[in-house]
1. Give me log10 I(q)/I(0) at q = 0.12, 0.18, 0.22 Å⁻¹ for the stretch 163-250, Debye formula, one equal scatterer per alpha-carbon, no solvent.
2. Please compute the modelled spin-label separation between ILE346 and ASP326, points set 7 Å along Cα→Cβ, answer in nm with one decimal.
3. Using alpha carbons only, how many angstrom separate the centre of the stretch 53-77 from the centre of the stretch 115-155?
4. Just report the Cα centroid separation between the stretch 250-313 and the stretch 338-379, whole Å.
5. With viscosity set to 1.567 mPa s and temperature to 4 °C, compute the Stokes-Einstein D of the stretch 49-156, Rh being the Kirkwood radius across alpha carbon pairs; µm²/s, no decimals.
6. Counting other Cβ atoms within 10 Å of each Cβ, which trypsin sites (Lys or Arg not before Pro) in the stretch 145-213 have at most 14 and sit in a DSSP loop?
7. Among the trypsin sites (Lys or Arg not before Pro) within the stretch 206-259, which fall in a DSSP loop and have no more than 16 other Cβ atoms within 10 Å of their own Cβ?
8. Within a Cβ distance under 13 Å of VAL69, other residues only, what is the Lys/Arg minus Asp/Glu net charge?
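Bear in mind that the values in this text are calculations on the coordinates, not laboratory data. Model, not experiment: these values are computed from the prediction. Neighbour counts run over all protein chains shown; Cβ positions are idealised from the backbone, glycine included.
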Amino acid sequence: MSRERGIGLGSPARSAGGPGAGRLLGPLLAAGALGLAGWIAWGGSGHPSAEIVQPASVVGRATPLSLRVDAGRAGLRSIDVRLEGGGAAGTLFSKQIPADGLFGSGVRSECLDLVLDGATAGVPEGEARVVVRASDWSAIGRLRGPGEILSIPVTVDLAAPAVTPVTTTSMAQRGGSAIVVYRVTPDAVRSGVEIGKRRFPGRTGAFADPTLAVALFSLPWDAEAPIQPQVYAEDAAGNRGRAAVILPVKERRFPEEKIEVTSTFMTVKIPELLERNGMKAPADPIEAYLAVNRDVRRKSEERLREIGRVTAPRFLFDGAFVQQPDTAVGSRFAERRHYFFGGKPIDEQTHLGTDLASVKLAPVVAAARGRVLWAGDLGIYGNAVVLDHGLGLETLYAHLTDAAVAPGQMVERGATLGRSGQTGLAGGDHLHYSTMIHGQHVDPVEWWDGKWFRDRIAPTLASAPAAPNVGDEPSDPDPAVATAARSGCAAGAATAAPGTVPKAAAP
């Protein structure tokens, strides 16, 4: 008789996975625990941290603040910046950083160049704080969530400084110059004139009354019509006050000229300029020419504006400028040039100055008393000298064979600055002469006119008694702007609230 095999009631139970399953489960659990521990150790358990790059103690309607937020290997997960005070709070900046794979975002540092708007945040004026919270993608960070990593005590101030024009030039013309005296409240840290996006810094301290300021400005040749200047004042919190300047501006048309670029100019001058400016010459001669006429030209103008940041707090001269002796005027200010090569158009640019010519290697003299700001190579302008005449007024003497002065030197009207030549983007010996206000080119003919100076500039300066202690030492009239531009930690700002010279010889 056969017996059936079975499991008796008293028999020990066996694992459903067989006798080897128990031996595998332990190591798997241990490996998982080790992996989890390794992930936690790799990701770290510390909080994200924040560092102030550009501080802010007062928050207004447009206050710059730069921060850098750091995290461990797993990277940042979220950043939140809030303004809290007076029982209210508002978000200034918020960002979620998604994971890029299993282990986190990998974003270990984030730079924030913020412009804080206290009005949008809805926090009342008075004491408050800017609070930065952040989280990371570490295992512990995922569980913990965002935490406070920085608290900055601030004062919310939403009141804009007051600014009022007192007197200005009686009239002006497009491409010309003007001056205004205005009154500004003591809380303003910078002020001046703005036309569109262009700003012309003003000066206090030139008059006995400390609330009076003066600004010299241009009526840009290329500004959108109608040209409407405004005086502005800005406080430490970024609050801005504005007022219109009542100034009739005469419109005008500027000349145009066709210039045929020669093969010699293309093959000799252009490669030389590219090499001198550290640029590789394209194989196509037209592309090489455009690299100079566009790129080097743009960089030269940017350098001029930077040079023009430094200026004396008052005029260093006392009358009209002088035109270079025994010179004939060739190309004029704001002349629109159409360039041709082989009879075909290749480019268009605006000539921002006046060309003056007499004889080769002619002495070049200072048009008025001033201080040398620059003496050396200046891109398309070649060997050049730049003089500061005060209140942002500068003159440029370009294409020189050599310079006879050095930066920082004071020169009198008629002093020799060097000799004319054809350095830079010039095909013949002549002087390129420019007049500028804070790096913006203006028509120099006005400043050669004694009657214009007596009628349009001198009366405004005489409208209030001068302070006896104003010196001639140059300085940056708007240092906060330059500081802000250099101190941000990110590349972009995140707004946290919603002479007769032959025409072909002088391209």
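1. -0.32, -0.70, -1.01
2. Each label point lies 7 Å from its Cα, and together they span 3.6 nm.
3. One Cα centre to the other: 9 Å.
4. Each part's Cα centre sits 10 Å from the other's.
5. Numbers: Rh = 14.2 Å.
Estimated diffusion coefficient is 91 µm²/s.
6. LYS197
7. Hits after loop and neighbour filter: ARG252, ARG253.
8. Here the charged neighbours net out to -2.
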